[in-house]
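Bear in mind these aren't lab numbers, they're just calculated from the coordinates by the rules spelled out. Computed from a predicted model, the values in this text were never measured in an experiment. Counting neighbours? That spans all protein chains shown, and the Cβs are built from the backbone with ideal geometry, glycine included.
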Ligand code: SF4
């Protein structure tokens, strides 16, 4: 393995500062906390002065710490099926058990920040609405949401107008909770900050189009933290500027994240959070670099526009990969495979997230027919490690990479 990126230390400090600020906001009667889904209207919440907390990030932290699986039965006992989103079940299970993953980076934090309001968008799935509804009942606070269409072929003007209208309708109830009126200049500034971070994050990811790639999907899963939790906050852009500099240095030096890179792969689907390091080492040991992914690219929002705040937020929400039809997804994947020069695709079939799993209705075969690129499907899950077999995945990865190596059987 190549040495870790130097930015990792700054990343840890930045994320910890973010969590400490959330904890402080929750304890300060003069401040308000909003919980938001990962691609909900975070910029609007920032503009209204909320400290913004993302339960999906918390659930991913539970997964990465390998604690998630142990909390799932607690949510099952409360009526949440083991078959539904394991972010939801592990997060609710941890809450019912009095545990927070925030205590790992910040030992003084013993609970997630108490919300004053919860805001979701169903652009990714319905599970987030049910997840947030649990906490709205538990804390007795308002639950607001955007019902966003799924299976979007073309992002039409009508669709954009419909979602933008729902986002505008959030303003009065949010103003009531925030105790302030929405300042259009603050909203524009938050969107400009998000857009800048998004553009830089895309450049970070695109450095991996170089051979050898200076970062992998597994690195991206760690470094995407600010893109997720600091949307609308200029600190995210500052972080990505430094990271981009470091990666360009690696490119200039010809230094790859996987020494001796021989095979380049695309990862489609959710990460297996509790096996991030193991999978990273497994691929690297075979000379395989996983250079691009749908997951990390899902926090690139080209449509955000400070001059059209609601229209841009609505369009960004509708353009998300997860909301699109299979033909659109296949075109995007084929373009990305070409851009990054991959030799094959890894589809993660995440048992509890059908929404972000694209291997179940023939897509790998159609893509292979269209691009000539072979694919392998890895059964697993984002947070429920009972669904993931180390032996099965090892054998599948070794066989797949072997066939793709120069001189292999592909
Ligand atoms: S998209 Fe998948 S992982 Fe994310 S909240 Fe929805 S069901 Fe869970």
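Worth a mention:
- Added length on full extension, which subtracts the Cα-Cα distance from 0.36 nm per residue, residue 302 to residue 209: 31.6 nm
- For the stretch 39-67, backbone nitrogen atoms closer than 14 Å to the point 7 Å from residue 175 Cα along Cα-to-C-beta are found at 48-49.
- Counting only alpha carbon atoms, the long axis of helix 309-319 and the longest principal axis of the chain meet at about 40°.
- In degrees, nearest ten, helix 157-169 long axis to first principal axis of the chain (Cα): 40 degrees
- Placing a label point 7 Å from the Cα of residue 77 along the Cα-to-Cβ direction, the residues of the stretch 84-103 whose backbone N falls under 12 Å from that point are 93-94, 96-98.
- The Cα center of the stretch 270-323 and the Cα center of the stretch 95-171 differ in position by 19 Å.
- Rounded to the nearest 10 degrees, the angle from helix 7-27 to the longest Cα principal axis of the chain is 20 degrees.
- Sites residue 277 and residue 138, calculated FRET efficiency, Cβ-Cβ separation with R0 30 Å, nearest 0.05: 0.35
- The stretch 223-374 shape via C-alpha gyration tensor axes, a/c threshold 1.5: oblate
- Residue 17 paired with residue 285, simple spin-label distance in nm, labels 7 Å along Cα-to-beta-carbon: 3.8 nm
- Extending 7 Å from Cα along the Cβ direction at residue 126 and again at residue 366 yields two label points whose distance is 2.3 nm.
- GNM flexibility winner over the chain from 253, 101, 133 (Cα, springs under 10 Å): 253
- Exposure proxy for 323, 100, 89: other Cβ atoms within 10 Å of each Cβ, ordered fewest to most, give 100, 323, 89.
- Three-way shape call for the stretch 311-410 based on the alpha-carbon gyration tensor, with the a/c threshold at 1.5: oblate
- Whether the stretch 7-183 is rounded, prolate or oblate, judged on the alpha carbon gyration tensor where a/c under 1.5 counts as rounded: oblate
- In a fully extended conformation the segment linking residue 386 and residue 325 would gain 19.0 nm over its present Cα-Cα distance, using 0.36 nm per residue.
- Residues of the stretch 288-305 with amide N under 17 Å of the 7 Å Cα→Cβ point at residue 168: 305
- Residue exposure sequence - 296, 106 - by fewest surrounding Cβ within 10 Å: 106, 296
- Each Cα pair under 8 Å and six or more residues apart adds its sequence gap; the mean of these over the residue count of the chain is a relative contact order of 19 percent.
- Subtracting the Cα-Cα distance of residue 104 and residue 339 from their residue separation scaled by 0.36 nm leaves 80.9 nm.
- Residue order, fewest to most surrounding Cβ atoms within 10 angstrom, among 121, 298, 81, 289: 81, 298, 121, 289
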